[in-house]
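Asker: Sharing a structure with you now.
The values are calculated or read from the model by the stated rules, or taken from the named source; none is laboratory data. Keep in mind it's a predicted model, so treat the numbers as computed, not measured. Using ideal geometry, Cβ is built from the backbone for each residue, glycine included, and neighbour counts are taken over all protein chains shown. The accessibility values were calculated without ligands, DNA or RNA, using every heavy atom of the protein model including side chains. Shrake-Rupley method; radii C 1.70, N 1.55, O 1.52, S 1.80 Å.
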Protein chains: 2
Amino acid sequence: MEKKKSFTIYDLARKLNYSPSTISRALKNHHSISEKTIKIVKKAAEEEGYRPNILAASLRNNQSKTIGVLVTRINRPFISSLISGIENAASKEGYNILISQSNDIYKNEVASAKALFDSRVCGIIASLGMETESINHFKQFSKMNIPVVFVDRVPADFKSYTVVIDNYTAAFNATTHLIEQGCKRIAHFAGAQHLNVYQDRKKGYTDALIENGIAVDESLIITMKTLSSEEGETATTRLMQAATPPDGIFCSNDTTAVSAILTLKKMGIKIPEEVAVIGFNDDPISSIVEPALSTVSHPAIEMGELCTQRILQHVLKKDDTPKIAERSVLDTHLIIRASSTRKNA
Amino acid sequence: MEKKKSFTIYDLARKLNYSPSTISRALKNHHSISEKTIKIVKKAAEEEGYRPNILAASLRNNQSKTIGVLVTRINRPFISSLISGIENAASKEGYNILISQSNDIYKNEVASAKALFDSRVCGIIASLGMETESINHFKQFSKMNIPVVFVDRVPADFKSYTVVIDNYTAAFNATTHLIEQGCKRIAHFAGAQHLNVYQDRKKGYTDALIENGIAVDESLIITMKTLSSEEGETATTRLMQAATPPDGIFCSNDTTAVSAILTLKKMGIKIPEEVAVIGFNDDPISSIVEPALSTVSHPAIEMGELCTQRILQHVLKKDDTPKIAERSVLDTHLIIRASSTRKNA
DNA sequence: GAAAATTAAACAATCGATTGCGTTAAATTG
DNA sequence: CAATTTAACGCAATCGATTGTTTAATTTTC
């Protein structure tokens, strides 16, 4: 069955014997329309159930009130909270959210970027996929002066807005904490090194070791492709079966950290006495696992809100695309729980 | 700075000395355009980086390829997986997803529904909020023959599509399982009773008791407003301090179930020996908590995909809005873990 | 070779809201 | 009271893609 056609300002105009332009202006309290007319029009609009056609308005104005969001996987704790923050801040200002996920596949990411562009979003917020090395698919936005905000996983050199946490310092502090707890041989579960977040976390880790006079042992650094629990289990097993196993592990995410804890327990290794573990993200599971996982807070909702603010700021002020990457760095803090708290420390 | 205006079919037409209509048809391989022309047009479009303006097309066709999604909170495991399923199925068919969350506030839900309507979505997928009792804000869609799919938390009597699981049977089976494990006094953490899911779960629980010759003890049924972990803790404490505490708890969600487990452990009560616990949803935390939580699978991704299919089916076939609620009921299954497995059972 | 049929492309209206400019009538001014 | 403002509203173009209807050119048919 055909979709019924909707009630428009033309219908309203005909009904009230006004011109469509008067209706349009009346509905938005234009000063050149009399109070009386405005009242009449609004009343009739209400009665007839008039609803504006945003598509038409966007087309005419050449600007939608829709923000595109491009992420890897919606159903991950950090991402879903990020989106939640984006949505809250956006809907408060009357903006909509168009969402697309790449499932960490580069081809999808490119296609999604194109789709969002075609939908004429007024700005785009993106967190890069694991496979992403080139970011040409974001240039179309910049060319049209549509603001791009990269969040969390950001490219190295793209003239845009970025919203990140200080991964380096967070990792440095996490590692230092392990050292303070008496760990001498600290392993690291690193993520894909072409992504800034994992690169920075690794650097923070190595620098903390060096600062404390501990030599970096490459055999203790396990670089993973996806930081999945399977990879975490494999890595933990391998590490612990080595001649000189570690007494601490700093994991680049909570998934692998929890996996490490479960694996260690299965092996009968005491946490944190024999091996202390610290993760990253503060996912819900981190406070449930036993012993509870020490980790680094990741202010997802706040980051999301900030992303939206960046977009709105650009759109409302009609700023030009930043000439350089304009970074916002949010604070994180260590969350110390049982998995890294040694009784005698 | 102003947004640059984009390259349109008019620009292309001028450049190639064709009319805009020819360009439009050529781009979609219309039969009345010669192969040669099609090739020329497509080549030029590619070179010039032409991108269609979906807003214009949608306006003209009076139908967007955008599906609206209205949920309570994006950052909840079930919801985010649901959205993930919706998105995957939609993007595969070239449809976009517009998301809005109500934060379980009725006023927001109404506003979001309105916003999605104004955006001219081609269909809407919704899961009702805790406060929602009236669903008039969805009637505008039906009136325009825009398909509405309610998922999980669905209204009792709305002529639309619904995608649900068989909460009654799942609850019945979960409760029966506890009985089989030797539980005699089974408590129930119930959710808001105006929502079908919680109502059905409660009914499944009571019917299982009755079927097994166990009297329903109202004092063992705790009805919660939001099924939060705080409520779970309070309820658990209260129950266990009563004269005749329960020896089993069937919780309407995993959040309260995990909360119950943690509280019981804190009280020094053995799980499952003294109290067996079973939850609902199979959230990630359920397999991490110790003892691991028995629960009911909730096929979130699959449900999301099905929701999208319902929308597309309607839109593509131009079906009329269903005269009655057209239900899709998905299977769930018990996931038996340690929290309900008694050694001697 | 003229009429009919087919092919290829142009014309022009349309979707609904917006807005610069023009018009009319009422109000103000000197 | 004529001249000028001001107030209130209408006209018509515009945004970009789509599509029913024509038109023009080419091919086929007898």
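Asker: Taking amide H positions as placed in the peptide plane 1.01 Å from N, state which residues far from B:V296 in sequence (5 or more) or on other chains have amide H under 5 Å from it.
Answerer: Counting only residues 5 or more places away or on other chains, the set is B:G279, B:F280, B:N281, B:D282, B:I335.
Asker: For the pair B:T341/A:E290, report the inter-label distance in nm, with labels modelled 7 Å from Cα in the Cβ direction.
Answerer: If labels sit at B:T341 and A:E290, their model points lie 1.6 nm apart.
Asker: Put the label 7 Å from Cα along Cα→Cβ for A:A243; what are its distances to the other copies, in nanometres, shortest first?
Answerer: Sorted ascending, the copy-to-copy spacings read 7.0 nm.
Asker: Magnitude of the Cβ-charge dipole of chain A, K/R +1 and D/E -1, about the Cα centre, nearest 20 debye? Write out the running numbers ahead of the final one.
Answerer: Working: 42 positive and 38 negative charges, 381 e Å.
Dipole of chain A, to the nearest 20 debye: 1840 debye.
Asker: Mind putting a number on the dipole of segment A:9-52 about its Cα centre? Charges go on the C-beta only, +1 for Lys and Arg and -1 for Asp and Glu, and I need it in Debye to the nearest 20. Please report the intermediate quantities before stating the final value.
Answerer: Details: 9 positive and 5 negative charges, 20 e Å.
Computed charge dipole of segment A:9-52: roughly 100 debye.
Asker: Working from Cα positions, state the angle (0 to 90°, nearest 10) between the long axis of helix A:254-266 and the longest principal axis of chain A.
Answerer: 30 degrees
Asker: Starting from the Cα coordinates of segment A:106-247, work out the convex hull volume and express it per residue in Å³.
Answerer: Working: hull volume 16.5 nm³, N = 142.
Output value, Cα hull per residue: 116 Å³.
Asker: Against the 2.2 N^0.38 Å scaling, with N counting residues, where does the protein assembly as shown land? I'd like the Cα-based Rg ratio to two decimal places. Provide the component values of the computation, followed by the final result.
Answerer: Values: Rg = 28.1 Å, N = 690, 2.2 N^0.38 = 26.4 Å.
So the protein assembly as shown has a normalised radius of gyration of 1.06.
Asker: Chains A and B: what accessible area do they bury, summed, in square angstrom to the nearest 100, with a 1.4 Å probe?
Answerer: Counting protein atoms only, the buried area is about 5200 Å².
Asker: In angstroms, what radius of gyration and Dmax does segment B:228-291 have, counting Cα atoms only?
Answerer: Final numbers for Rg and Dmax: 10.6, 34 Å.
Asker: Sticking with this structure for a sec: Round to a whole number: what % of the accessible area of segment A:206-272 belongs to carbon and sulfur, probe 1.4 Å? Walk me through the numbers on the way to the answer.
Answerer: Values: 1590 of 3020 Å².
C and S atoms contribute 53 percent here.
Asker: Taking chain B as the reference, fit the longest principal axis to its C-alpha atoms, fit the long axis of helix B:106-118 to the helix C-alpha atoms, and give the angle between the two in degrees, 0 to 90, nearest 10.
Answerer: Compared with the principal axis, the helix lies near 20 degrees.
Asker: Check which residues have an amide H placed less than 5 Å from B:G248's amide H, if you skip close sequence neighbours.
Answerer: Placed amide hydrogens put B:R185, B:A187, B:A276 under 5 Å from B:G248.
Asker: Can you work out the base-10 log of I(q)/I(0) for chain B at q = 0.07, 0.09, 0.14 1/Å, using the Debye formula on its C-alpha atoms alone?
Answerer: Taking Cα atoms of chain B as identical point scatterers yields -0.41, -0.59, -1.06.
Asker: I would also like to ask the following. Could you give the alpha-carbon Rg of segment A:9-52 over 2.2 N^0.38 Å, rounded to two decimals? List each step's numbers first, then the result.
Answerer: Numbers: Rg = 9.0 Å, N = 44, 2.2 N^0.38 = 9.3 Å.
Dividing the Cα radius of gyration by 2.2 N^0.38 Å gives 0.97.
Asker: Moving to a separate point now. Could you tell me how many degrees, from 0 to 90 and to the nearest 10, lie between the Cα long axis of helix B:167-180 and the main elongation axis, the longest principal axis, of the Cα atoms of chain B?
Answerer: The helix B:167-180 is inclined about 30 degrees to chain B.
Asker: Just going by the charge dipole of chain B, with Lys and Arg at +1 and Asp and Glu at -1 on Cβ, which of B:I99, B:L178, B:I54 is farthest out on the positive end?
Answerer: It is B:I54.
Asker: Right, another one. In straight Cα distance, which lysines are under 26 Å from A:K202, not counting same-chain residues fewer than 8 positions off?
Answerer: A:K159, A:K184, A:K225, A:K265, A:K270
Asker: Taking 8 Å as the Cα distance limit and 6 or more residues as the minimum spacing, I'd like the relative contact order of segment B:228-341 as a percentage.
Answerer: Working: 160 pairs, mean separation 29.5, N = 114.
Relative contact order of segment B:228-341: 26 percent.
Asker: I've got another one for you. In nm, what does the list of distances from A:I214 to its counterparts in the other copies look like, shortest first, when each label sits 7 Å along Cα to Cβ?
Answerer: So the distances to the same position in the other copies read 5.1 nm.
Asker: Using a Gaussian network model of chain B whose springs link C-alpha atoms within less than 10 Å, name the residue from B:E233, B:E93, B:E218 with the highest mean-square fluctuation.
Answerer: Highest fluctuation of the listed residues: B:E218.
Asker: Sticking with this one: Rounded to whole Å and sorted largest first, list the principal axis extents of the Cα atoms in segment A:185-334.
Answerer: 60, 33, 26
Asker: Something else about it: Rounded to whole angstrom, how close does the nearest chain A beta-carbon get to the axis mapping A onto B, and which residue is it?
Answerer: Taking the axis that maps A onto B, the answer comes out as A:S80, 2.
Asker: Please build a GNM for chain B, connecting alpha carbons under 10 Å apart, and tell me which residue among B:M130, B:M303, B:M240 fluctuates the most.
Answerer: Among B:M130, B:M303, B:M240, the largest mean-square fluctuation in the Gaussian network model of chain B belongs to B:M240.
Asker: Moving on. Give me the dipole magnitude in Debye, nearest 20, for the protein assembly as shown about the Cα centre, with unit charges on the beta carbon: positive for Lys and Arg, negative for Asp and Glu.
Answerer: Working: 84 positive and 76 negative charges, 683 e Å.
My answer is approximately 3280 debye.
Asker: Now for a separate question. Over chain B, with a Gaussian network built from C-alpha contacts below 10 Å, which listed residue (B:K107, B:K43, B:K270) shows the highest mean-square fluctuation?
Answerer: Top of the fluctuation ranking is B:K43.
Asker: Tell me, what is the 1.4 Å probe accessible area of B:T206, in Å² to the nearest 10?
Answerer: The accessible area of B:T206 comes to roughly 20 Å².
Asker: Can I ask one more? Run the numbers for A:Q193 and A:K265: contour at 0.36 nm per residue of separation, minus the present Cα-Cα distance, in nm. Write out the running numbers ahead of the final one.
Answerer: Working: separation 72, 0.36 × 72 = 25.92 nm, distance 2.91 nm.
Extending this stretch completely gives an extra 23.0 nm.
Asker: Another one. Any idea what the relative contact order of chain B is, in percent, if you count C-alpha pairs under 8 Å spaced at least 6 apart? Could the numbers behind the result be given before it?
Answerer: Details: 644 pairs, mean separation 60.6, N = 345.
For chain B, the relative contact order is 18 percent.
Asker: One decimal, nm, shortest first: give the distances between the label point of B:K203 and those of the same position in the other copies, each label point 7 Å from Cα along Cα→Cβ.
Answerer: Computed spacing set for this position: 6.0 nm.
Asker: Below 8 Å between Cα atoms, with a sequence gap of 6+, how large is the relative contact order for segment B:9-52 in percent?
Answerer: Numbers: 29 pairs, mean separation 14.6, N = 44.
So the answer I get is 33 percent.
Asker: May I pose another question? Express the accessible area of chain A per residue in Å², computed with a 1.4 Å probe while the remaining protein chains stay in the model. Spell out each step's value before the answer.
Answerer: Values: 15040 Å² over 345 residues.
Accessible area per residue, chain A: 44 Å².
Asker: Enter the Cα centre distance for the pair segment B:127-170 and segment B:235-298, rounded to the nearest angstrom.
Answerer: 30 Å
Asker: Then there is this: Can you pull the mean other chain C-beta count within 10 Å for peptide A:46-54? Please report the intermediate quantities before stating the final value.
Answerer: On the way: counts 0, 0, 0, 2, 0, 6, 1, 6, 9.
Mean number of neighbouring Cβ atoms from other chains: 3.
Asker: So, one more: A:R327 versus A:S32, label points 7 Å from Cα toward the beta carbon: distance in nm?
Answerer: Placing both labels 7 Å along Cα→Cβ, they lie 5.0 nm apart.
Asker: I would also like to ask the following. Given the DSSP H assignment, sum -39500 (n - 2.57) over each helix run of at least 4 residues in chain B and divide by its residue total; what's the result at 222 nm in deg cm²/dmol, nearest 500?
Answerer: Details: 13 runs with 151 residues, N = 345.
-13500 deg cm²/dmol, from helical runs alone.
Asker: Roughly what % of DSSP beta bridges within the protein assembly as shown run antiparallel, to the nearest 5? List each step's numbers first, then the result.
Answerer: Numbers: 7 of 73 bridges.
In the protein assembly as shown, DSSP labels about 10 percent of beta bridges as antiparallel.
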